[in-house]
1. When a footprinting reagent is the concern and you count Cβ atoms within 10 Å, what order do Val80, Val191 take, fewest first?
2. Given only helices, namely DSSP H runs of n ≥ 4 each adding -39500 (n - 2.57), what is the per-residue ellipticity at 222 nm of the chain, to the nearest 500 deg cm²/dmol?
3. Only Lys, Arg, Asp and Glu count, each charged at its Cβ (+1, +1, -1, -1), so figure out the dipole size of the range 68-218 about its Cα centre, rounded to 20 debye.
4. Non-local amide H neighbours of Ala79 (under 5 Å, H modeled in plane, Pro and chain starts lacking H): which ones?
5. Cα-Cα over 22 Å: which of Lys5/Lys208; Lys152/Lys174; Lys5/Lys186; Lys5/Lys60?
6. What list do you get for Met1, Met94, Met100, Met40 if you sort them by fewest beta carbons within 10 Å?
7. Using alpha-carbon positions, what is the distance between the centroids of the range 24-53 and the range 1-17, in Å?
8. How big is D, in µm² s⁻¹, for the chain by Stokes-Einstein at 10 °C and 1.306 mPa s if Rh is the Kirkwood radius over C-alpha pairs?
Amino acid sequence: MRIHKEGRTILSVLLFVLVAMNIILFWYINAHTVILAANMVLSILTFGFFLYFFRNPKRKADIDDNNLIIAPADGRIVAVEPTDENEYFDDRRMQVSIFMSVFNVHANWYPIAGTVLESKHHAGRHLAAWLPKSSHENERSTIVIETGNKTKILIRQIAGALARRIVTYAAPGKACHLNEHLGFIKFGSRVDLFLPLNAEIFVEVGEKTTGNETVIARLKD
């Protein structure tokens, strides 16, 4: 299992703390055998969860249609609806939202090839990520991509009640490609896509998505 680079420091520190705690219990406190065994099991389970959370599966999107929008994240579709996007476009867009639980892969992929026009981080609240108002009230990062046919789409990484850090690799002027990580959100979150109203949508609310695999929509030529 590959580990995402965003988790390597956290895992190293966590491993050191857990090992140190077990050594202290064994050598200095002379804890009861039952306590030692329970602490060791708890330590293994804790490290195993964080190891699982920061997994980085190798996925490759192989498509022959440059207008397809591929899922930027693992999770579950919680919204597919026309909505007003007032941060960048200031018009109505088709919003597709993916909620990521703590058990999903938390790497984010670029949903389409193109050029990054804007990448901006906003401070905000940490409401539950599945709430509609989290899209514009929570801490978030906004990325705008212009595709090869000059269509613009917006991706928004949103922090949730547990997520406290959004990592974004996108930068204005940068060329982006499928199979390339857009960023990472730590500990539960949501990703919104804002597409043209005439985009053909292939997913519905409740459907599960696999990042860099599930086809979300197709942009009109």
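1. With the fewest neighbours first, Val80, Val191 line up as Val80, Val191.
2. Dividing the helical sum by the residues of the chain leaves -6500 deg cm²/dmol.
3. Details: 17 positive and 17 negative charges, 88 e Å.
Using Cβ point charges on Lys, Arg, Asp and Glu, the range 68-218 gives about 420 debye.
4. Amide H neighbours of Ala79: Ser97.
5. On the way: Lys5/Lys208 25 Å; Lys152/Lys174 15 Å; Lys5/Lys186 12 Å; Lys5/Lys60 18 Å.
Where the Cα-Cα span goes over 22 Å, the pairs concerned are Lys5/Lys208.
6. On the way: Met1 8, Met94 20, Met100 27, Met40 15.
Lowest to highest Cβ neighbour count: Met1, Met40, Met94, Met100.
7. Centre-to-centre (Cα) distance: 18 Å.
8. Values: Rh = 18.6 Å.
D = 86 µm²/s.
Each reported figure results from applying straightforward, stated rules to the coordinates on display, with no laboratory input. Please read these numbers as outputs of a predicted model, since none were measured by experiment. With ideal geometry, Cβ positions are generated from the backbone for all residues, glycine too; neighbour counts draw on all protein chains shown.
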